[in-house]
Amino acid sequence: MWYILKSAEQGWSYRVLHHQIELQAHTIFGALPNNFAQLLPPLDSDLARQIFKDEYIFDFISQDEKRKETELEKELVDNITQFLLALGKGFAYVGRQYHLEVGGQDFYIDLLFYHFKLRCFIVIELKVDDFKPEYVGKLNFYLSAVDDLLKQDADKESIGLLLCKSKNDVIVEYALRKMDRPMGVASYQLTKQIPEELKNNLPSEAELKKLLKKKK
């Protein structure tokens with residue numbers, strides 16, 4: 001039933017629906033740690049929680065280890081159509097490394113979007129390592145700057161999304177508790193993990209090497 005309702009709401013094609021079922025999307029929508037309820041009106045808070053995911057699967061980009069945020073940014077923007085599908089309906093791409101001048105200094109937002117249903121800017125910060133509490137301070141700063149410099153009268157308060165390689169939800173909750181801008185923290189994968197029940201049936205690395213040597 002969840003997938004039927006989401007398909008009607010999001011306008012998913014058969015291919016997109018099939019992909020969402022494979023990713024078990026019902027387990028990751030609305031589950032990310034956030035401070036929306038404390039900082040947004042109830043209707044906006046509920047909508048934001050429904051839109052953002054706890055984990056994003058970017059299986060359309062290369063799976064080698066990303067050592068720099070800029071490498072991940074570039075691949076996401078190079079595959080912007082698939083990236084928008086991963087984010088969900090309503091996101092409009094504004095820019096990468098979006099320039100802001102604050103106090104005579106230059107700052108650059110990793111990725112900037114606008115969401116037509118939320119009617120606000122979405123600031124996305126990418127991190128190729130595990131979540132650290134200090135990351136939310138930087139995102140909080142960017143949200144304040146976007147609201148002052150870009151937000152129009154018809155726009156609502158900007159929302160931040162911090163994407164990390166992994167996160168501890170308890171630490172995230174503590175880090176978000178005193179922040180005064182709405183934001184959530186999600187993790188990402190470059191490929192979907194193999195279910196535990198299948199891992200035991202797959203050959204080990206040593207077995208694969210042994211098999212390859214035999215074939216030679």
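The values are calculated or read from the model by the stated rules, or taken from the named source; none is laboratory data. Since the structure is predicted, the reported quantities are computational estimates derived from the model, not experimental observations. Positions of Cβ are backbone-derived with ideal geometry, glycine not excepted, and every protein chain shown enters the neighbour counts.
A residue that is touching a residue at least 40 places away in the same chain (Cβ under 8 Å), touching a helix residue (DSSP H, G or I) at 6+ places or on another chain (Cβ under 6 Å) and small (G, A, S) cannot be found anywhere in region 58-79. If you go through region 14-47 and pick out every residue that is farther than 21 Å from S166 by Cα and at pLDDT 80 or above, you end up with 11.
Yes/no matrix, rows are residues, columns are (1) crowded, with 19+ Cβ neighbours inside 10 Å; (2) over 15 Å from the mean Cα position of the chain (by Cα); (3) under 22 Å from K6 (Cβ atoms):
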{"site": "F60", "(1), (2), (3)": "no, no, yes"}
{"site": "V94", "(1), (2), (3)": "no, yes, no"}
{"site": "Q105", "(1), (2), (3)": "no, yes, no"}
{"site": "F113", "(1), (2), (3)": "yes, no, yes"}
{"site": "R119", "(1), (2), (3)": "no, yes, yes"}
{"site": "V128", "(1), (2), (3)": "no, no, no"}
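Consider only pairs whose beta carbons are under 9 Å apart and that are at least six residues apart or on different chains; among these, list those whose first residue lies in region 27-51 and is surrounded by fewer than 17 Cβ atoms within 10 Å (Cβ to Cβ) and whose second residue is at pLDDT 90 or above and among the polar types (S, T, N, Q). These pairs meet every condition: A37/S45; Q38/S45. Taking the criterion of being surrounded by fewer than 18 Cβ atoms within 10 Å (Cβ to Cβ) and either assigned to a helix (DSSP H, G or I) or touching a Cys at 6+ places or on another chain (Cβ under 8 Å) (or both), the residues of region 74-85 that qualify are K74, E75, V77, D78, I80, T81, Q82, L84.
Listed by position, the strands (runs of 3 or more DSSP E) inside region 86-186 whose residues that are in contact (Cβ under 8 Å) with a residue 60 or more places away in the chain and of a type outside the set (V, I, T) number at least 1 are 105-115, 159-164.
On the given criteria, is K156 at pLDDT below 95 and of a type outside the set (A, V, I, L, M, F, W, C)? Judged against the criteria, K156 is not a match. Taking the conditions (1) of a type outside the set (S, T, N, Q); (2) in contact with an Asp or Glu (Cβ under 6 Å, 6 or more places away or on another chain); (3) on the phi > 0 side of the Ramachandran plot in turn, G104 satisfies each one other than (2).
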